[in-house]
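A short worksheet on the structure shown next.
The values are calculated or read from the model by the stated rules, or taken from the named source; none is laboratory data. Since the model is a prediction, treat every value here as computed from it, not as a measurement. Reconstructed Cβ throughout: ideal geometry from the backbone, glycine too, with neighbour counts over all protein chains shown.
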Amino acid sequence: MEQINASLGRIWETLGGWVDGFMSNLPNLVLAVIVLALSIFLSRYVKKYFSKAVYRISSNHTVNSLLVNIATAAFLIVMLFVVLGILGLDTALTSLLAGAGVVGLAIGLAVQEPLMNVFSGILMSTKRLYNVGDLIESNGYYGIIQQVNLRSTILKQMSGEEVLLPNKMIIQNPLTNYTVSKERRLDFSCGISYGDDLEKVKRITTEAIEREVDYDKNRPVEFFYNEFGNSSINFVVRVWLRQTTQKNLLATQSQVVMAMKKAFDKNDITIPFPIRTLDFGIKGGEKLNEVMPRALANGEREA
């Protein structure tokens, strides 16, 4: 009986110590609850204010949403540490920070690639490297931007296939944007025979393109001879497109080919082409129309 009474006494003593500790910490606890509630209430205004600030810098809704959520979470974490400090949980706070550092390091190493893609997407959004609908070439792929998210960029090629490119690959490799400058030029190469008049060819080619090709009339047609080839004198014609789309490039290129072919045929200008000689076992100097009757006669006698 005495042991039971002693145990009950120790229990009541412990409970009394807890009550005394609670009453002595009650002001801090009330203050901590008030600070926590106030922090949750203020987080809405922090989110709204930071959202306005971010949207002044970037127009990418996905990236902006991520940044706003990160800023709001950071504010709440800081206020949580303040609450723990009010409650006198300094030791728990130190242990929490140490554990968070180790866990954060492990998570960072595990998700290094996705994080690189996310930060690359944020960087591309703030730098405005390209927008949805732009025609670009990157990492060996050529097409129109369909979608840009935090992890990757979706590119639709001219043949219809969609390519998903990680943002890290785009930010770390050269990128050609055919849309952002709103300027694009077609360089068309051709060759004429050594017997043609060069001045005449230049004049006829330029006039034909100016007359029959739909290009940017604000810029002149440029014509340059650039080399003596094996069987031709080669030149390049340069015209600026009215639109930067791939369809317009191909249409203009087709018009240039037809205009030049028509003009060259009309003015007896020759475009050299490879000639293939077939060997029928004829001796040098003999003509095919002379050898064929003799070959046919020999075949009839053998029959």
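Results, tabulated for the structure shown:
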| read-out | value |
| --- | --- |
| Residue check for SER58: hydroxyl-bearing (Ser, Thr, Tyr), at pLDDT below 80 and either outside the structural domain of ASN131 (by TED's automatic domain parsing) or out of contact with any Cys (no Cβ under 6 Å at 6 or more places or on another chain) (or both) | yes |
| Checklist (1) assigned to a strand (DSSP E or B); (2) in contact (Cβ under 8 Å) with a residue 12 or more places away in the chain; (3) under 25 Å from ASN267 (Cβ atoms) applied to GLN147, failing item | (3) |
| Odd one out for GLU137, checked against (1) among the acidic types (Asp, Glu); (2) under 30 Å from GLN255 (Cβ atoms); (3) at pLDDT below 85 | (3) |
| Selected residue (only one of PHE81, PHE75 is modelled with pLDDT of 75 or more, within 29 Å of ASN149 (Cα to Cα) and in contact with a helix residue (DSSP H, G or I) (Cβ under 7 Å, 6 or more places away or on another chain)) | PHE75 |
| Residues of segment 239-271 satisfying the condition of being at pLDDT below 90 and either surrounded by 17 or more Cβ atoms within 10 Å (Cβ to Cβ) or of a type in the set (Gly, Ala, Ser) (or both) | THR244 |
| Failed condition for VAL236, given (1) part of a helix (DSSP H, G or I); (2) at pLDDT 95 or above | (1) |
| Test result for ASP187, of a type in the set (Asp, Glu) and either part of a strand (DSSP E or B) or within 19 Å of ILE144 (Cβ to Cβ) (or both) | yes |
| Residues within segment 159-183 that are touching an Asp or Glu at 6+ places or on another chain (Cβ under 8 Å), of a type in the set (Val, Ile, Thr) and outside any loop (DSSP other than H, G, I, E, B), tallied | 1 |
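For every residue, the table says whether it meets (1) surrounded by 12 or more Cβ atoms within 10 Å (Cβ to Cβ); (2) outside the structural domain of LEU249 (by TED's automatic domain parsing); (3) in contact with a helix residue (DSSP H, G or I) (Cβ under 9 Å, 6 or more places away or on another chain); (4) not acidic (Asp, Glu).
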site	(1), (2), (3), (4)
ILE144	yes, yes, yes, yes
GLN147	yes, yes, no, yes
ARG151	yes, yes, yes, yes
LEU155	yes, yes, no, yes
ASN167	yes, yes, yes, yes
ILE170	yes, yes, yes, yes
GLY191	yes, no, no, yes
TYR194	yes, no, no, yes
